[in-house]
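Enquirer: Quick one: the structure is below, questions incoming.
The values are calculated or read from the model by the stated rules, or taken from the named source; none is laboratory data. Here the structure is a predicted model, which means the values were calculated and not measured. Positions of Cβ are generated from backbone atoms using ideal geometry, with glycine treated the same way; all protein chains shown enter the neighbour counts. The area values use the complete protein model at the heavy-atom level, side chains included, leaving out ligands, DNA and RNA. Shrake-Rupley method; radii C 1.70, N 1.55, O 1.52, S 1.80 Å.
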Amino acid sequence: MTALLSRLLPASPPPSADPGALLAVDHLDLAYGQSRAVRNVSLRVAPGQVVCVVGRNGAGKTTLLKGIIGSLGPRAGRILFEGRDLTGSPPYQRARAGIGYVPQGRGIFPHLSVYENLLIGLEPVRGRLDGQLEQVFTLFPVLKEMARRTAGVLSGGQQQQLAIGRALMGRPRLLLLDEPTEGIQPSIVQQIEEVIAGLKGSLAVLLVEQFLDFALAIGDYCYVLESGQVTFEGTPGSLDTAALRSALAV
Ligand SMILES: Nc1ncnc2c1ncn2[C@@H]1O[C@H](COP(=O)(O)OP(=O)(O)OP(=O)(O)O)[C@@H](O)[C@H]1O
Ligand SMILES: [Mg+2]
């Protein structure tokens with residue numbers, strides 16, 4: 001799996017001004033009108049790491065990812081990727097820089113075929129198809145079986161696999177995943193956990209989750225977001241899981 005995934009990725013990422021951080025988010029503030037949804041958030045993702053952001057409904061997790069991909073401009077703070085300041089860049093430039101995104105709810109195009117949905121993922125590499133399709137089909141064989149079917153007929157778990165596969169078509173160095181376990185059956189959760197575990201080391205992942213056990217099982221480092229602010233952070237082993245569970249309880 002790791003060998004396969006390493007072929008999905010560029011041979012050697014360009015040098016970073018800050019070799020410790022692939023992604024650096026510094027003092028980020030994001031708002032909808034007067035409503036501040038993300039407050040003074042700083043986080044780091046090192047190359048090859050899986051970093052989790054956990055928080056209950058409305059904590060600001062999706063808003064944080066929108067700030068990182070650039071669909072929501074910041075009130076304050078900055079975003080560096082491989083040492084480059086992307087704070088003012090539009091989303092397509094961030095995607096081309098190597099940031100892949102799997103949105104909450106998957107964002108697949110239900111009236112297009114599975115194959116066509118995957119091809120849409122080629123935009124960041126300017127349409128260059130260089131073995132990604134075969135690699136995605138090896139990771140997610142069901143997508144090959146269903147390639148000609150309309151994506152809207154796929155189950156929730158299959159659509160999640162399609163959304164991840166589509167993001168991998170653009171050969172990202174950082175993959176942002178927004179609640180990949182939401183509304184899917186346990187066997188597929190386990191399969192997605194295995195895929196993310198296989199990505200670890202060759203591709204960095206920033207995973208947003210409400211499902212704490214999944215985040216703790218898979219993450220190298222976790223941030224807890226409450227009302228738009230980071231209230232805890234640390235390695236899964238160092239975090240007080242009882243306190244976390246109560247912070248995440250509705
Ligand atoms: N488009 C929007 N316009 C105004 N307020 C919004 C918008 N999107 C989100 N919000 C508000 O911003 C806050 C953070 O929302 P966000 O969607 O980032 O939370 P979340 O942690 O992703 O929640 P969930 O787990 O339900 O996906 C919430 O109070 C939400 O109501
Ligand atoms: Mg969300």
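Enquirer: What accessible area per residue comes out for region 142-236, rounded to a whole number of Å², with a 1.4 Å probe?
Expert: Averaged over the residues of region 142-236, the accessible area is 36 Å².
Enquirer: For the chain, take the longest principal axis of its alpha carbons; what is the angle in degrees between that and the long axis of helix 186-199, to the nearest 10 within 0 to 90?
Expert: 80 degrees
Enquirer: At 1.4 Å probe size, with the rest of the protein present, what percent of the exposed accessible area of the chain is carbon and sulfur atoms?
Expert: Using a 1.4 Å probe with all protein chains present, the chain comes out at 51 percent carbon and sulfur.
Enquirer: Okay, moving on. Just to confirm the filter: which trypsin sites (Lys or Arg not before Pro) across region 41-121 are DSSP coil and have at most 16 other Cβ within 10 angstrom of their Cβ?
Expert: Here the trypsin sites (Lys or Arg not before Pro) that fit, given the DSSP loop and packing criteria, are 56, 75.
Enquirer: Given an 8 Å cut-off on Cα distances and at least 6 residues of separation, report the relative contact order of the chain as a percent.
Expert: It rounds to 28 percent for the chain.
Enquirer: Please give the charge dipole size of region 120-168, origin at the Cα centre, charges +1 on K and R Cβ atoms and -1 on D and E Cβ atoms. Round to the nearest 20 debye.
Expert: Here region 120-168 has a charge dipole of around 120 debye.
Enquirer: Another one. Set Lys and Arg Cβ to +1 and Asp and Glu Cβ to -1, take the dipole of the chain about its Cα centre, and tell me which of 140, 114, 175 lies farthest positive.
Expert: Highest projection toward the positive end goes to 114.
Enquirer: Nearest 5 is fine: what % of DSSP beta bridges in the chain come out antiparallel, could you say?
Expert: DSSP beta bridges in the chain are roughly 55 percent antiparallel.
Enquirer: May I ask for the distance between the Cα centers of region 28-74 and region 180-250, given as a whole number of Å?
Expert: So the separation of the two Cα centres works out to 15 Å.
Enquirer: When only Cα pairs under 8 Å and 6 or more residues apart are kept, what is the percent relative contact order across region 128-250?
Expert: Relative CO of region 128-250 lands at 17 percent.
Enquirer: Per-residue ellipticity at 222 nm for the chain, helices alone: DSSP H runs ≥ 4 residues times -39500 (n - 2.57), over residue total, nearest 500 deg cm²/dmol?
Expert: The helix contribution divided over the chain gives -9500 deg cm²/dmol.
Enquirer: Leaving out same-chain residues fewer than 8 places away, which aspartates and glutamates sit with a Cα under 15 Å from that of residue 61?
Expert: 29, 178, 179, 182, 209, 226, 233
Enquirer: Let me ask something else about it. Calculate how steeply helix 156-169 sits against the longest principal axis of the alpha-carbon atoms of the chain, using the helix alpha-carbon long axis, and give the answer as 0 to 90 degrees to the nearest 10.
Expert: 90 degrees
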